[in-house]
Every structure is written in C-alpha cells, then in structure tokens.
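Take a look at the structure below.
The values are calculated or read from the model by the stated rules, or taken from the named source; none is laboratory data. What you see is a predicted model, and the numbers here were worked out from it, not measured in a lab. Counting neighbours? That spans all protein chains shown, and the Cβs are built from the backbone with ideal geometry, glycine included. For the accessible areas, the whole protein counts, side chains as well, though only heavy atoms, and no ligand, DNA or RNA atoms are used. Shrake-Rupley method; radii C 1.70, N 1.55, O 1.52, S 1.80 Å.
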Amino acid sequence: MTTPSKNLMLLGTRKGLFIFELDGNSTWQFRSHTHIGIPIAYAMLDHRSGILWACQDHGHWGQKLVRSRDLGETWEEVTAPAYPDGEQIINSFATGGKTEKKPATLRYLWCMAEGGDDRPDRLFIGTEPGGLFVSEDGGDSWSLVRGLWDHPSRTEGNWFGGGRDDAGIHSIIIDPNDSARILIGVSCAGVFESTDDGTTWNPRNTGLRADFLPNPDAEVGQDPHLVVMCPSHTDALWQQNHCGIFRSTDGRQDLAGRRRT
Amino acid sequence: MPRIRTTPHLNRYFPALSAGPVEVQARLSVADLIRELDRRFPGLAAYLVDDRGALRQHVVVFVDNRPIDDRVGLSDEVDESADVFIAQALSGG
C-alpha cells in the first residue's frame, strides 16, 4: 500500500497514541486518538509494509506490542519479545559494590526500527533490560540478538540503568545503504555497531564524554540519550547525552566530533 | 469447583471476562489456574505473569481473600471450593 508517511505525525504519550495528518494547506489535522489512557512508549510506521506499530507500557499488565494495518483504525496485539529462560541482568555497579544478578524479563519496549529495504520482513525492537530483539517474519515472532546480549561488556556487568532501573536500548539505526550495518544506543553503555547483521558488535564511543563517571572517557558506560544518522549522509552520526551533543563524520570509528557548550 | 473473578480493568482487553466469574474443574495450583485462564482467554497469562512465569510486580492473586505466598512459582493450591480474585495494585492519595 502507499503510505503517506511524510504526512503523518505519530505522538506516543502517557495518554495514548495521537495521529495527525498534514493537509493540503500544510496544516496538521487531528486524525485519531487510540489506546486511550495507555502510555505509548514508541510508535512507528513501517514504510515498507504500511503497518503501524505501537509499544504499550501498561503500568500493571506489562509491555504489549500492537499493530494496525489500516493506519490506526483497528489494532491487533502480537506476542511481545520475551527473554529466554535463565537470562540474567548483570550489574557490577549495584549498591554495596557487589555484582548484582537478577532474572532478565521484559521491562520496556523502548524503540523499534525497520530492518532495511532489502529485508522487508525484518524488524528490530530495543528493550530494557538491554536486549535487542529481531523479527524476520514481520513481527509475528521475535528472538534475542545473542551477539549483543552476550557481549563481554554486558556479561562483565558494565551495562547499567540510567534514567530507568536497568540498561535499555533506545536508538536503532540501520544503514540505508547496507542493512547489515546496525548501530544502537544503550543507556547506559554507549553506542555499539555491528557490520555483520548483528552477529558481532563493537563499542563506538571514542571521543564521547561522561563527566559523571570516574573515567569520563570510558569506552563502555556512556549514557547516550539518542543516536541518529543523517539519512542523506550516512557517515554522519549525532549523539546527545548529559554532557553535550556529539557528532561523528567518519561514520563508524568514533564520535569524536565536538562537544556543544 | 474454584470460582475465579478478575478485576474489571481486564475486561477492556478481554471483553469475554465481563460475562462473570469463571469456574474451572478440580483442584489445582495457581500456575495451573493461570494456564487454564490463558487457554480460555488467549493472551491473558501475559497480562498476569512475566517472561519467566512469575506474577507481575503489581498484580495480586487472592485465594479465599488471602494473597498467595509464592509469587514466583505460583505453587499455592486452589481447593475445590476456593474463591479466587485477580487484581492489580491500587495506589495514589
């Protein structure tokens, strides 16, 4: 279907999802308010399929994933990602200085991303407590991206919560020129990149600052709030954190750019 | 035959629950009971328990007006004459 994605504005709020549409006079017109009273952590229109997605953050009933094939007129709930049995959150910065381990369960569906134009059925979801999930069947089923979850920086306990209790993935970028290249932002851990479809990952935090850490230049432990790529110049990345706004113009090796003061 | 009532807040997501209390056959554990509810109301279990099957933090199951003891394994027994009530936490001031 043809999707008027540039003419739609999706607003996920604590009171539900609002959709506005741009009319011929360049005025935003209210279109719908759905999921009334339910916090919407993230909403996305998949421009490949025309499917609208929303991540619900129920206070009591957990995290739910819903989709609409008619731009929000009707919705269906699909099975949300789940952490496999036995997976653990490992935090070496827990109170008391001891490494804390606790069962990993889905706490938040923080962001979603399309998997690339050449992978029309691939979707990603970033979650708290730090798991990246991938679907290869248009969102009907999800699996944990093991290469990231098993990264030594996480299993050694160097991921931890920032604004939320545990580490979470809030940014997912797929290179529009190479869908095997994936960048994510983790709060707190930093920016990670895979160039092999998510099999292996490397931190990309050189040049970032975290003034609140004992080592402000730590490779892992940064607290990006958002990471974005310039869609027309994919070597340009932007990252914002407590300490400023940073950019990288070499696309991958570092975010050394400069600090905005 | 255990009789199960659920908070009306769940009716929004599972309208069939509004038909009234659910009765299940035989004596069973709370875990069995939630499995049976999920069979009758597909998807309901995910609203009550997390990925590992433990009761969600702000959900409570009362058996004969007492909150269950085992919120992780859900091993509390529900006898044949039990009244079960499933609710969410309420807070505020």
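Taking region A:33-50 as the range and being within 11 Å of chain B (Cβ to nearest Cβ) and at positive phi as the test, the residues that pass are A:35, A:37.
The residues in region A:160-180 that are surrounded by 20 or more Cβ atoms within 10 Å (Cβ to Cβ) and within 17 Å of residue A:234 (Cβ to Cβ) can be counted, and the count is 4.
So how many residues does region A:136-162 have that are polar (S, T, N, Q) and in contact with a Gly (Cβ under 8 Å, 6 or more places away or on another chain)?
1
The requirement of being open to solvent by less than 20 Å² (accessible area, probe 1.4 Å), part of a loop (DSSP other than H, G, I, E, B) and farther than 29 Å from residue A:74 by Cβ is satisfied by residue B:74. Any residue at all in region A:89-106 that's within 20 Å of the chain's Cα centre (by Cα), in contact (Cβ under 8 Å) with a residue 12 or more places away in the chain and either assigned by TED's automatic domain parsing to the domain that holds residue A:16 or open to solvent by 40 Å² or more (accessible area, probe 1.4 Å) (or both)? No: zero hits. For region A:15-26, the candidate set comprises residues that are modelled with pLDDT under 95 and either within 30 Å of residue A:164 (Cα to Cα) or part of a loop (DSSP other than H, G, I, E, B) (or both); within that set, the residue that is least open to solvent (accessible area, probe 1.4 Å) is A:23. Looking only at region A:51-85, filter to residues that are free of Cβ contacts under 8 Å to residues at least 12 places away in the same chain and facing another protein chain (nearest Cβ under 10 Å); which one of those is least open to solvent (accessible area, probe 1.4 Å)? Across region A:51-85, the extreme among qualifying residues is A:61. Applying the criterion of being within 9 Å of chain A (Cβ to nearest Cβ) and open to solvent by 10 Å² or more (accessible area, probe 1.4 Å) to the residues of region B:43-52, the residue that is nearest to residue B:14 (Cα to Cα) is B:43.
Residue B:64 - would you say it is within 14 Å of chain A (Cβ to nearest Cβ), surrounded by fewer than 17 Cβ atoms within 10 Å (Cβ to Cβ) and at pLDDT 95 or above? Answer is no for this residue.
Against the numbered list (1) basic (Lys, Arg); (2) more than 30 Å from residue A:103 (Cβ to Cβ); (3) part of a strand (DSSP E or B), residue A:48 comes up short only at (3).
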